[in-house]
Structures are given as structure tokens and as C-alpha cells.
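The values are calculated or read from the model by the stated rules, or taken from the named source; none is laboratory data. The structure presented is a predicted model; accordingly, all values stated were derived computationally and were not measured. Reconstructed Cβ throughout: ideal geometry from the backbone, glycine too, with neighbour counts over all protein chains shown.
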């Protein structure tokens with residue numbers, strides 16, 4: 001969907017601060033929020049794409065002013081209410097009244113730590129032959145839809161060249177709705193001077209894009 005979350009290439013937000021010191025969390029509450037989220041027993045149908053789509057629906061003014069991990073908490077609260085895992089009253093009070101038995105108990109700190117160290121989530125799936133090959137010219141779709149998409153607005157309608165054929169991976173637009181469908185994924189190279197003419201950019205912009213986002217050029 002088109003929303004305030006899609007800030008790539010937009011004017012008015014200043015330059016990205018590449019000198020900002022690297023730190024996992026800016027305060028203790030962010031670390032706690034991250035730990036709570038990772039320790040949650042997820043409801044059936046929750047995927048990373050469903051989470052992203054939920055976060056993308058935050059009000060624009062709130063999205064731009066609310067801290068990153070605070071957005072996480074808001075998004076997971078919405079997922080919990082929408083999946084009947086918890087009620088609004090339970091979220092507001094911070095206490096469970098009648099937790100759904102189907103989810104079981106959340107894991108403890110030790111098991112979460114061990115699981116995160118060993119976790120290797122694979123999104124590649126068996127699939128058919130890709131429609132494009134390396135060096136093929138492609139044009140990105142010029143429009144999006146009302147759901148989740150990984151096609152940035154700044155690259156829509158532009159011509160690029162297939163740089164790599166990555167394999168067949170879960171398509172995020174469908175995954176956000178609970179449907180697992182896979183299709184070919186490509187790394188596509190675009191000339192920055194074509195995307196932002198007159199800015200003096202001489203480098204390439206490389207994006208990983210699914211086949212549904214591309215047409216032959």
C-alpha cells in the first residue's frame with residue numbers, strides 16, 4: 001500500500017544520518033519491548049509480512065513521531081486484538097483475563113535465547129522457471145494496491161536490468177493476507193540518474209523485486 005512508511009526517495013525529510021552510532025537500543029524499555037515480542041507465542045497466520053502491513057496502517061502523524069519499538073508494541077497489540085488473542089481491555093490493563101488455550105504458554109528466557117541463536121528461517125520455496133534472465137530489461141509496475149507490497153513507490157515505472165536471479169521465495173503481498181505463495185525473486189539494477197534526473201548520481205541502485213512487480217521492457 002502507499003503510505004507514510006514508504007519514505008524512500010521522498011523530499012523534505014533530510015539526509016540519512018550515516019554517522020549515527022550503532023547501538024541495538026536507545027533505552028532499556030526498547031530492549032524489554034524487543035524481548036517481550038520475541039518471547040510471544042504467535043497466533044496462527046502471523047507472518048513478518050502481516051506484521052509489516054499492520055504497522056503500515058498506523059496513522060501518519062503517529063508513525064512519524066512514535067519511537068520505532070513503540071510502533072512494534074502498537075502493531076502487536078493490534079494483531080492480538082484482531083486475532084482474538086487478547087481484548088482491548090486486557091491490552092489496556094496489562095493483565096490477561098482468559099488467555100486462549102490454543103496458544104499454550106509463552107517460552108521462558110533461556111529457551112528464547114537458545115532458539116534465537118539457532119533460528120534460521122528459510123523463505124525460499126520450490127517453484128517454476130523464472131520469466132526473466134540476467135541482462136533482461138524490465139520495467140517495474142507503475143501502481144500498487146491497497147495491501148502490503150515490497151515495491152517502493154520511488155522505483156515504480158522505471159526500467160532496470162536483471163542483475164541476479166535469486167530463486168523462488170514467498171511473495172510478501174500474499175503472505176500479509178495469510179496465503180503462502182512463492183514466485184521468482186530478482187535483483188534488479190537501476191541507474192540512479194534515471195530515478196533522480198538532474199541530481200548528478202552516477203551509481204546504480206540495486207533492489208530485490210518479485211516477478212509480479214516486473215514487466216518486460
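Just a few scattered comments:
- Residue list for the range 170-211, filter: closer than 15 Å to residue 157 by Cβ, touching a helix residue (DSSP H, G or I) at 6+ places or on another chain (Cβ under 9 Å) and not in a loop (DSSP other than H, G, I, E, B): 188, 190, 195, 205, 207, 209
- Residue in the range 188-209 that is over 17 Å from residue 8 (Cα atoms) and in contact (Cβ under 8 Å) with a residue 24 or more places away in the chain present: no
- Scanning the range 1-35 for residues that are under 21 Å from residue 111 (Cβ atoms) and touching a residue at least 24 places away in the same chain (Cβ under 8 Å) returns 33, 34, 35.
- The sole residue among 31, 61 that is under 26 Å from residue 144 (Cβ atoms) and part of a helix (DSSP H, G or I) is 61.
- Considering the conditions (1) surrounded by 14 or more Cβ atoms within 10 Å (Cβ to Cβ); (2) at pLDDT below 90, residue 114 is excluded by exactly one of them, (1).
- Lone qualifier among 43, 92 - being loosely packed, with under 14 Cβ neighbours inside 10 Å and either out of contact with any strand residue (DSSP E or B) (no Cβ under 7 Å at 6 or more places or on another chain) or at pLDDT 85 or above (or both): 92
- Taken over the range 34-58, the criterion of being assigned to a helix (DSSP H, G or I), more than 14 Å from the chain's Cα centre (by Cα) and closer than 21 Å to residue 175 by Cα is satisfied by 37, 38.
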